[in-house]
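Heads up, the thing below is written out as structure tokens.
Values in this text are rule-based calculations from the coordinates and carry no lab data. All values derive from a computational prediction rather than experimental measurement. For neighbour counting, all protein chains shown are included, and Cβ atoms are generated from backbone atoms with ideal geometry for every residue, glycine included.
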Amino acid sequence: MSEYSSDSTVGGAVLAGAVVSYFCGAIVFINLIIHFLLRGLWIGAVGLRSVSGDINFHQLRLSNRFNRFLRHRISSFDDYIIGLDRICSVIFSFSFLLALLLIGFFFYWGVMILIMYGIMQFAELVDVKGLYVGPFIFMAIYLVLGLLYLLDFMTLGWVKRIRWLSRFYYPVYRFFGFVTLARIYRPLYYNFIDDKFGRRMVLIAVPYILLILVAVSFSFQGGPFYDARYFSDQEIFEGEFSKEFYYENLREDDLRQPSRYLVGADMVSRPINKVSLFILPEYAATIECKFPEVNRLNESVLNSEFIVGFNNAKRTMNADEKKPENDFINYFREIFELRLNGRQLNMDDAVLFDSKNYPFPKLVKYLPLSRETPGLQQLEITRFEYSRNGDSLRPIKKVLPFYYQPN
């Protein structure tokens with residue numbers, strides 16, 4: 001397994017952590033809103049009780065049917081206040097129990113991925129073909145035991161009550177308790193399930209988490225002719241549409257926010273424009289696939305410090321060692337193709353710059369427009385991306401239009 005795939009594994013773990021953090025925040029936020037509303041109702045009820053007595057049904061002079069019904073349903077105002085206080089306290093604790101359960105679920109998957117990754121690395125190191133099935137055998141066993149642990153949780157300890165199974169299940173319970181950080185939330189869990197109301201709350205925990213995950217994943221679609229997926233920060237609709245995010249003069253946010261490409265202006269009156277192509281660390285895989293000899297020039301360029309390695313190489317080269325640096329600039333030029341109004345542009349004059357607002361260097365290509373017909377100009381950027389399926393390069397095309405109107 002190559003180094004850039006290791007970086008992808010780490011990047012995937014960071015992304016998974018961010019997603020889990022987002023959903024934990026959503027769960028806590030939604031529950032705290034519910035708690036806030038109910039606690040406000042409780043405060044109002046306590047305030048009202050302090051200036052008035054209990055409910056006097058005699059003064060209401062209701063018919064016997066409604067009198068019996070309301071006495072049965074309301075009982076006393078003090079019981080109502082106590083019930084509200086109890087519900088608020090349970091919801092507050094339940095919020096953090098749910099968040100901790102989701103974090104534990106993240107650790108459950110994270111440990112499985114790390115162990116599988118370690119087995120695969122060991123299999124490659126010793127080069128024993130039989131070991132390559134090891135990760136899948138481990139995953140099957142891990143998932144089955146994990147489902148048993150989840151079943152025990154969902155059934156409020158039913159598995160732990162089976163005496164003949166306890167000898168086998170005890171080490172499984174201890175292991176997954178450690179993996180899912182159960183020591184943090186276990187007192188909360190058992191305090192919940194020793195009470196009838198708490199048991200009901202725990203039983204709805206998993207369905208409730210799934211409901212929130214579905215609810216916060218909904219997106220708004222503006223109309224039948226507009227799909228927000230075409231206009232996300234990562235993708236551009238391949239045609240006449242684009243995003244202000246990709247035009248330097250239109251960006252209202254911090255320019256340090258990452259962007260693969262950046263056009264100088266969406267409207268130009270001078271016969272020149274420019275496009276900046278940022279050299280991101282993930283392009284290391286593309287360069288290694290397209291130019292296998294790159295390893296012999298500077299191995300540091302292909303590790304997780306791809307850009308840092310390149311910058312260090314520039315600083316340490318003397319006047320007699322400029323060729324490797326120039327080779328790398330040529331490599332960067334080769335992973336892009338530019339077309340303006342269907343005509344391919346020569347990338348030999350693209351210049352490499354250190355970026356002031358970005359942590360990555362950038363290739364800048366100036367676009368002469370004196371020979372172009374005034375009006376809408378179509379700039380098509382093709383980037384070659386490494387595909388692990390087939391160990392090949394695949395082109396990814398984006399269109400960034402701009403308008404040229406000379407004075």
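Across the range 3-216, the relative contact order, built from alpha-carbon pairs under 8 Å that are at least six residues apart, equals 24 percent.
Applying 1/(1 + (r/R0)^6) with R0 = 35 Å to the Cβ-Cβ distance of W164 and E385 gives a FRET efficiency near 0.05. Take the Cα of M267, step 7 Å along the line toward its Cβ, and report every residue of the range 331-373 whose backbone nitrogen sits under 17 Å from that point. Counting backbone N atoms under 17 Å from the label point, the list is empty. Counted residue by residue at 0.36 nm each, then reduced by the alpha carbon distance between them, the extension gain from V28 to V126 reaches 30.6 nm.
Across the range 53-139, the mean sequence separation of Cα contacts (distance under 8 Å, 6 or more residues apart), normalised by length, yields a relative contact order of 19 percent. Projected label points at I204 and T155, each 7 Å from Cα along the beta carbon direction, are separated by 2.3 nanometres.
FRET efficiency for R49 and H72, Cβ-Cβ distance as r, R0 = 25 Å, nearest 0.05? Calculated transfer efficiency: 0.75. Neighbour counts of other Cβ atoms within 10 Å put H58, H35 in the fewest-to-most order H58, H35. For Y117 and L143, the difference between the fully extended length at 0.36 nm per residue and the C-alpha to C-alpha distance is 7.8 nm. In this simple spin-label model, placing a label point 7 Å from the Cα along the Cα-to-Cβ direction at both R343 and L181 gives a separation of 5.9 nm. For the range 41-163, the alpha carbon convex hull comes to 169 Å³ per residue, rounded to a whole number. Between Y403 and M267, V268, Q377, the built amide H atoms are under 5 Å apart, and every one of these is 5 or more places off in sequence or on another chain.
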